[in-house]
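Read through the structure below, which is laid out as structure tokens, and then see the notes.
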Amino acid sequence: MGLTAAQVQQYDDEGWIAPIDLLSATETAAIRGALEAAEREHPQHLHAEHRNNAHLILPFLADLALHETIIECVRPLVGDDIALAASVLFIKEPASGSFVSWHQDAKYMALAPANFVTAWIALTPSTPDNGCVAVIPGTHHGGARHHDDTFGEDNILTRGQNVPDVDPDDAVDLVLQPGQMSLHHPWLVHGSRPNRSDERRIGVAFQSYLGPDVRPEHGEYHVMHVAGGPVRPEFVLCPRPAAPFTPAGIAARQAANDAYAAVLYEGAEQRRSL
Ligand SMILES: O=C(O)CCC(=O)C(=O)O
């Protein structure tokens with residue numbers, strides 16, 4: 001439970017920690033099963049273009065976001081009062097070209113200071129063959145890098161934002177078994193290649209857990225309370241879903257997605273639905 005001093009040191013030095021054991025095989029299979037059942041039964045709410053903030057309509061994902069082990073790992077990195085800004089289902093279908101270009105999460109999130117951390121949870125194996133997350137260690141030092149907006153068809157990111165001057169030879173693959181998680185810093189340059197395997201690669205990213213001093217620089221953030229003191233008045237407090245796909249949950253998620261899209265697409269030349 002929690003992080004060792006060496007893991008906290010690695011986060012400070014390199015900007016990432018992995019792998020961290022989170023869920024048992026049974027728990028992971030149950031969450032994957034529930035997610036895939038929800039995808040089958042409610043495709044209009046969970047299709048490939050609509051994978052943000054599903055924790056606001058699916059109680060089992062909200063419960064996962066509040067997992068005690070995640071909180072114990074996040075607390076030493078950001079502080080005791082924690083809110084969750086958003087979540088993303090990063091799903092790569094078998095043998096698909098979907099990839100994630102080199103980017104820094106904080107570039108377009110308009111949250112400051114960068115006292116927040118993403119937890120990425122593997123519900124399937126996540127390997128070089130199926131396009132696991134890869135990071136460039138140490139790139140969280142020095143703040144924002146230049147990004148080009150590429151709007152690539154197969155790019156999972158909103159703008160296809162890409163840091164051009166990355167040497168892929170510097171990358172470390174964050175290989176995870178189902179039920180393990182990684183943590184990464186908001187300024188860490190990272191990305192992922194396509195899934196060349198014949199199985200889905202499913203990751204749930206809680207993006208991000210915000211420390212007590214973090215505030216929106218502009219726009220509106222609809223956040224969920226996670227731990228410690230109350231959510232600051234600069235944020236809109238989102239309720240946890242009472243049951244799957246309730247009208248209130250669907251409306252809360254839509255409002256959160258609309259507000260998030262407005263922030264992420266600020267100044268963008270193209271837009272797609274979130
Ligand atoms: O899941 C992926 O391939 C990329 C994940 C990512 O960019 C993130 O969690 O910030």
Expected single match for within 14 Å of residue 61 (Cα to Cα) and at pLDDT 95 or above among 253, 232 is 253
If you go through segment 208-228 one residue at a time, do you hit one that is closer than 22 Å to residue 129 by Cβ, in contact with a Ser or Thr (Cβ under 6 Å, 6 or more places away or on another chain) and buried (at least 17 other Cβ atoms within 10 Å of the Cβ)?
-> no
Within segment 1-43, the count of residues that are under 20 Å from the mean Cα position of the chain (by Cα) and hydroxyl-bearing (Ser, Thr, Tyr) comes to 2
In segment 132-171, anything modelled with pLDDT under 95 and hydroxyl-bearing (Ser, Thr, Tyr) is listed as 150, 158
When (1) within 23 Å of residue 21 (Cα to Cα); (2) not in a loop (DSSP other than H, G, I, E, B) are applied to residue 44, the one that fails is (1)
The condition of being of a type in the set (Lys, Arg) and over 29 Å from residue 154 (Cβ atoms) holds, among 215, 196, only for 215
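The values are calculated or read from the model by the stated rules, or taken from the named source; none is laboratory data. It should be emphasised that the depicted structure is a prediction, and the values quoted were computed from it without experimental measurement. Glycine gets a Cβ as well: all are built from the backbone with ideal geometry, and neighbour counts include every protein chain shown.
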